[in-house]
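Working notes for the structure below.
The values are calculated or read from the model by the stated rules, or taken from the named source; none is laboratory data. Quantities reported herein were computed from a predicted structural model and do not represent experimental measurements. Methodologically, a virtual Cβ is constructed for each residue, glycine included, from the backbone with ideal geometry; neighbour enumeration extends over all protein chains shown.
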Amino acid sequence: MSVEKNKAVVRRMYNLVDTIDWVKRDYGVIDNIFNETIDDEYTYHHPNYVGFEPGPNGLKKWYHQIYDAVSELHVTVEDIFGEGDKVVTRTSFTFIDMQTGKPAKGQSIVISYFRNGKITEEWELFNEQLPVSME
């Protein structure tokens, strides 16, 4: 798969955040895209969030936890570039912390590795502690 197609996959995933119905909390759109774009051997790396189940189901659980802890999440892709089987994305994001009711914002950098047109591994760092626990 070309670098441009890989970048389109990553951009599409971030754009889906804005399609979540925050009242109904219907995650079907996210589940479907992860089934299409996440490799069965997918692994996620972040120093503060460990213990992910491999594959699309692990990522779905992570996103469901995020969406259950925040409201009105909006992600903006600030930069995206790629080379070979890697895509690097810098994003900014805003959300409402449902525990405190206060708005929060942050930035992240994600390195996504592709194999056979699907994301197989990601390394992520962000500067805002999300109100989510992987325990």
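So the values come out like this:
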{"item": "Considering residues of segment 1-11 that are buried (at least 17 other Cβ atoms within 10 Å of the Cβ) and hydrophobic (A, V, I, L, M, F, W, C) only, the residue farthest from Ser108 (Cα to Cα)", "result": "Val9"}
{"item": "Members of segment 64-91 found to be among the aromatic types (Phe, Trp, Tyr) and surrounded by 15 or more Cβ atoms within 10 Å (Cβ to Cβ), listed by number", "result": "Tyr67"}
{"item": "Selection count where residues are modelled with pLDDT under 85 and closer than 17 Å to Tyr113 by Cα, scope segment 60-90", "result": "0"}
{"item": "Residue list for segment 79-112, filter: among the acidic types (Asp, Glu), in contact with a helix residue (DSSP H, G or I) (Cβ under 8 Å, 6 or more places away or on another chain) and part of a strand (DSSP E or B)", "result": "Glu83, Asp97"}
{"item": "Residues satisfying the stated conditions in segment 63-112, i.e. within 16 Å of Trp123 (Cα to Cα) and small (Gly, Ala, Ser)", "result": "Gly82, Ser108, Ser112"}
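Quick grid of which residues meet (1) of a type in the set (Val, Ile, Thr); (2) surrounded by 14 or more Cβ atoms within 10 Å (Cβ to Cβ); (3) under 15 Å from Gly117 (Cα atoms):
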{"position": "Met13", "(1), (2), (3)": "no, yes, yes"}
{"position": "Ile20", "(1), (2), (3)": "yes, yes, no"}
{"position": "Tyr27", "(1), (2), (3)": "no, yes, no"}
{"position": "Ile33", "(1), (2), (3)": "yes, yes, yes"}
{"position": "Asp39", "(1), (2), (3)": "no, yes, yes"}
{"position": "Tyr44", "(1), (2), (3)": "no, yes, no"}
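Yes or no, residue by residue, for (1) within 19 Å of Val3 (Cβ to Cβ); (2) out of contact with any His (no Cβ under 6 Å at 6 or more places or on another chain); (3) free of Cβ contacts under 8 Å to residues at least 60 places away in the same chain:
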position	(1), (2), (3)
Gly51	no, yes, no
Pro56	no, yes, yes
Val70	no, yes, no
Thr91	yes, yes, no
Phe95	no, yes, yes
Pro103	no, yes, yes
